[in-house]
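The values are calculated or read from the model by the stated rules, or taken from the named source; none is laboratory data. Values in this document were obtained by computation on a predicted structure and should not be read as measured data. Cβ: placed from backbone, ideal geometry, glycine included. Neighbour counts: every protein chain shown.
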């Protein structure tokens, strides 16, 4: 006796372009979790857009419930600064369509704190004209801390390290006519 089994035809294959998270839509509970996660991601992006750049990575969305947004923040200092900005953030989010009346904060250590961006240091040596001006200034000053600082500056810049370019190059700095003299 020969039995045949019929196989169900495959409706989608991995190469058919289906989304990896598409399977979450089949289960009501999983679809709810996915919708909540997407809502939190959108809220986090909206709040980040309203904050100054150094503060953008130091918080996470905990929940959005009863028109109250609850955030977890990285430090008490961040929470204090955020409380100053909260009215502006709330009004901006309301303007974007989020129905919020309040923002609550929870301080939770261990969150990632973004590192502050440090500008690249640009060191430039003083040229001969600049040094002459400081020498004249130093000669006019009475002895004291300011005169000492000018002399220290002169001694430091007279021996400029190799590879440091002058503070002003003749082509960069136009000649400024002295007051009272006409060209």
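Identify, please: which residue in region 42-60 is modelled with pLDDT of 85 or more and out of contact with any helix residue (DSSP H, G or I) (no Cβ under 9 Å at 6 or more places or on another chain) and is, among those, surrounded by the fewest Cβ atoms within 10 Å (Cβ to Cβ)?
45
Against the conditions (1) without any contact (Cβ under 8 Å) to a residue 40 or more places away in the chain; (2) closer than 16 Å to residue 56 by Cβ, residue 89 satisfies every one except (1). Here residue 39 passes the criteria (1) modelled with pLDDT under 90; (2) under 18 Å from the mean Cα position of the chain (by Cα) except the one numbered (2).
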